[in-house]
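The values are calculated or read from the model by the stated rules, or taken from the named source; none is laboratory data. No experiment lies behind these values; they were computed from the predicted model shown. FYI the Cβ positions are ideal-geometry reconstructions off the backbone, even for glycines, and counts take in every protein chain you see.
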Amino acid sequence: MKLIALRCARHVIGLALVALLAGCATVPPPPIPSVAKDAKALTPGSRIDKAFWKERHERFNALAKAGGFDVLFIGDSITQGWEGPGKTEWAQKIAPFKAANFGISGDCTGQVLWRFEHGNLEGALNPKVIILMIGTNNAGVQKSKPEETAAGIGAICGKLHERFPAARLLLFAIFPRGAEPTAPLRQTNDVVNKIIAKYDGYWNIKFLDINTKLLAADGKLSKQVMPDLLHPNAQGYAIWADALVPEIQAALKK
């Protein structure tokens, strides 16, 4: 009887040790490119001197402090545009999911990282789904190399996973820009997209590329979808919303 009891005790201890080790196991990071630590895409920086930027940043901090959102959008002007050309789609299809929009026009990856360090992820904020698209300003404004932009996006994903480990992160390919497939900034972003597509499956990331839905069959970008060949109009946001809704629904069910 004592031998049986001893074996049972060892078995229980063994199971407890396995469970403990499993709980301590770290989630491996995605294959983020190794770039210089001082690359602009990795360097947090604000635009706090601009009144509109400061106002939005502080408003996001207040929203984060209050919490109560299941879905969080993070990005630049294309994300902020849900409040402009995309406002009808947002009101009808996105807002019912209890969503918050943390997009700021003109932001690069560095500004998003700075915002994270200064309140945007603090408080009671606890989203179940996060939608991220960022990087086109890294190409257009900072002239960052694709690997640097991809590393900046990876750093953002890492911060989000660290803060919200259970959240589903829907990482979107940077939308096409420029009329032709050969447009230099389009090609730069295409390289970024190929790199960040490899992040799929890590840190609860799902990579989504809906760019073909925004383009004609020959790869050209129409002004009927993006009048300035960069920012979607109402039609463009309708395409994005229709792709988003089933993904949000699926993520919220888990």
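Take the residues of region 65-79 that are out of contact with any helix residue (DSSP H, G or I) (no Cβ under 6 Å at 6 or more places or on another chain) and crowded, with 21+ Cβ neighbours inside 10 Å: which is nearest to I134 (Cα to Cα)?
So the residue we want is G75.
Residues of region 59-70 being assigned to a helix (DSSP H, G or I) and touching a residue at least 24 places away in the same chain (Cβ under 8 Å), which ones? Break it down into steps so the answer makes sense when it comes.
Our first condition is that a residue be assigned to a helix (DSSP H, G or I); within region 59-70, this holds for 59-66.
Of everything in region 59-70, those that are assigned to a helix (DSSP H, G or I) and touching a residue at least 24 places away in the same chain (Cβ under 8 Å) turn out to be F60, N61, L63, A64, K65, A66.
Just give me the residues in region 101-136 being part of a helix (DSSP H, G or I), over 19 Å from A150 (Cα atoms) and out of contact with any Phe, Trp or Tyr (no Cβ under 8 Å at 6 or more places or on another chain), in sequence order. Don't jump to the end; show me each part of the working.
Taking region 101-136 and keeping what is part of a helix (DSSP H, G or I), we get 109-120, 136.
Going one step further and asking which of them are over 19 Å from A150 (Cα atoms), we end up with 117-120.
Residues satisfying the conditions are E117, H118.
With respect to L185, determine if the residue is free of Cβ contacts under 8 Å to residues at least 60 places away in the same chain, within 24 Å of T109 (Cα to Cα) and part of a strand (DSSP E or B).
Working: free of Cβ contacts under 8 Å to residues at least 60 places away in the same chain: yes; within 24 Å of T109 (Cα to Cα): yes; part of a strand (DSSP E or B): no.
Judged against the criteria, L185 is not a match.
Search region 19-38 for residues that are more than 21 Å from N204 (Cβ to Cβ) and pair each with any residue that is at pLDDT 80 or above and hydrophobic (A, V, I, L, M, F, W, C) when their beta-carbon atoms are under 6 Å apart and the residues are at least 6 apart or on different chains.
V35/A151
Is it fair to say R177 is among the basic types (K, R) and surrounded by 20 or more Cβ atoms within 10 Å (Cβ to Cβ)?
Numbers: among the basic types (K, R): yes; surrounded by 20 or more Cβ atoms within 10 Å (Cβ to Cβ): yes.
So R177 passes the test.
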